[in-house]
Amino acid sequence: MSEYYYGIDVGGTTVKIGLFSDGKIIDHWQVPTDTTQKGKNILPDIVRSLPEPAAGAGLAVPGAALADGTVNRCINLGWDACRPGDEFESLSGIPCRVLNDANAAALAEQRVGAARGYQDVLYVSLGTGVGAGLILDGRLRPGAFGSAGELGHFCLDPNGPLCSCGNRGCLETYGSATGVCRLGGEAGLPGLSSQELFELAKAGDERAASAVDKAGDALGRGIAAACALIDPQAVVIGGGMSQAGQFLLDKVSAAFQHYAFHACRNVRFFLASLGQDAGITGAALYALEN
């Protein structure tokens, strides 16, 4: 049997694909994500791009994934409740396991990335939204309904801004890249990206600093609440907004120390180390562990 495994990370714009052997990436590429016709072409497009058979594949998707492979909707792909692993296997003949994309990144960072050597890890992904993945006792914990780690939907203010989930005042409305942009607009800097706001804040702009400080405070508060519940050894900050680097990490960890229960203040904070390869690496590792 082939010793190769595929790690596949399905995003709303592109699908990242990696070919792995012995847990190491040996090739990677991308295909566009065709979200027309309710995303029915996404899996066939992926399969057509695969150069050779493999022993297995891991499919990371932007939605809640149950242990049996059922996905409870992926809104930005156009998928309703479905079983994409079954379809992938039917099209390719390759056994496939399905997991949430933040969970895939969490698994990768805990196994071979920034939190290697730690058994209890909270991975927080900061992008358009705020996602998270949990590794407890060295095992990925997706939860009973696939939604463990939905840190972005902790309610910080029931009268706060409307969140994409339909509730108000979720952490995501403050601590995501979208939330930072909203806070920047409120501070008098509308139309700027989160990256631009962080750069201005680093340069000493008071309005940008106000927006970034509020985002860091919200993230520290949300992570403190999560740590009081799960008591991890390490927190890893990843996603696109983590490119703000130590500047962001310092703000989040300082706020965490302010809000955290005293017994869990010794948690270690790390920046994610695997970058764009985290999702495909975690997906391949998940397939390997089958």
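The values are calculated or read from the model by the stated rules, or taken from the named source; none is laboratory data. Computed from a prediction, not measured in an experiment: that's the story for all the values here. Quick reminder, even Gly has a Cβ in these numbers, built from the backbone with ideal geometry, and neighbours come from all protein chains shown. To get the accessible areas, we keep the full protein, side chains included, count just its heavy atoms, and leave off ligands, DNA and RNA. Shrake-Rupley method; radii C 1.70, N 1.55, O 1.52, S 1.80 Å.
Side notes on the structure shown:
- Of A244, A106, A132, the one that fluctuates the most in a GNM where the chain has Cα springs shorter than 10 Å: A244
- Using a simple spin-label model with pseudo-atoms 7 Å out from Cα toward Cβ, R139 and E199 lie 4.6 nm apart.
- 14 Å beta-carbon shell around A255, net charge (K/R +1, D/E -1): +1
- Using distinct alpha-carbon pairs, which all enter the 1/r mean, Kirkwood radius of region 1-145 in Å: 15.6
- Within the chain, longest stretch clear of exposed GluC sites (Glu not before Pro) (DSSP loop, no more than 13 other Cβ within 10 Å): 4-288
- Measuring nothing but how far apart in sequence close Cα pairs (under 8 Å, 6+ apart) lie, relative to its length, the chain scores a relative contact order of 20 percent.
- Multiplying the residue separation of Q119 and C165 by 0.36 nm and subtracting their alpha-carbon distance yields 13.5 nm.
- Folded to 0 to 90 degrees: helix 101-112 orientation relative to the chain principal axis, Cα: 90
- On Cα atoms only, tilt of 206-230 relative to the major axis of the chain in degrees: 60
- For R73, solvent-accessible area (1.4 Å; no DNA, RNA or ligand), Å²: 130
- Förster radius 30 Å - calculated FRET efficiency between N76 and E289, Cβ distance, rounded to 0.05: 0.65
- One chain, two ends: Q246 and R48. Fully extended at 0.36 nm per residue, the span grows by 67.2 nm beyond their Cα-Cα distance.
- Ligands, DNA and RNA are left out, and with a 1.4 angstrom probe the accessible area of the chain is 45 Å² per residue.
- Top of T33, T13, T128 by mean-square fluctuation, Gaussian network on the chain, Cα under 10 Å: T13
- Tilt relative to the chain, helix 278-288 - C-alpha long axis, 0 to 90 degrees, to 10: 40
- Karplus (6.51, -1.76, 1.60) ³J(HN,Hα), θ = phi - 60°, over region 76-81, in Hz, Gly and Pro reported as x: 7, 9, x, 8, 8, 4
- Region 235-244 - phi-based ³J(HN,Hα) in whole Hz, Karplus 6.51/-1.76/1.60, Gly and Pro as x: 10, 10, 9, x, x, x, 6, 5, 5, 5
- Within the straight-line cut-off of under 12 Å between alpha carbons, the aspartates and glutamates reachable from K38 are D80, sequence neighbours fewer than 8 places apart in one chain being disregarded.
- Built amide H within the under 5 Å cut-off of S273, gap 5+: A114
- Residues considered: G93, G239, G179. Largest GNM mean-square fluctuation over the chain, using C-alpha springs under 10 Å, is found at G93.
- Between the amide H of L140 and any residue lying 5 or more places away or on another chain, no distance stays under 5 Å, with hydrogens modeled in the peptide plane.
- Accessible surface of the chain [probe 1.4 Å, protein heavy atoms]: carbon and sulfur percent: 49
- FRET efficiency for D27 and A263, using Cβ-Cβ distance with R0 set to 30 Å, rounded to 0.05: 0.05
- Measuring nothing but alpha carbons in the chain and taking Rh as the Kirkwood radius, the Rg to Rh ratio lands at 0.98.
- Two-decimal Rg/Rh across region 48-104, once Rg and the Kirkwood Rh are taken from alpha-carbon atoms: 0.97
- Among residues other than G127 with Cβ under 12 Å from its Cβ, the summed charge is -2 (Lys and Arg +1, Asp and Glu -1).
- Taking Cα centre as origin and charging only the Cβ of basic (Lys, Arg, +1) and acidic (Asp, Glu, -1) residues, the dipole magnitude of region 2-93 rounds to 300 debye.
- The Cα-based radius of gyration of region 91-156, divided by its Kirkwood radius, gives an Rg/Rh of 1.03.
- Neighbour net charge for P190 - beta-carbon separation under 12 angstrom, K R +1, D E -1: 0
- With the cut-off at under 16 Å, measuring from each backbone N in region 80-96 to a point 7 Å along the Cα-to-Cβ line of A55 picks out 94-96.
- In order along region 61-71, phi translates into HN-Hα couplings of 10, x, x, 6, 10, 7, 4, 8, x, 6, 10 Hz, rounded to whole numbers, per the Karplus curve 6.51 cos²θ - 1.76 cosθ + 1.60 with θ = phi - 60° and x for Gly and Pro.
- DSSP beta bridge pairing in the chain, given as percent antiparallel to the nearest 5: 60
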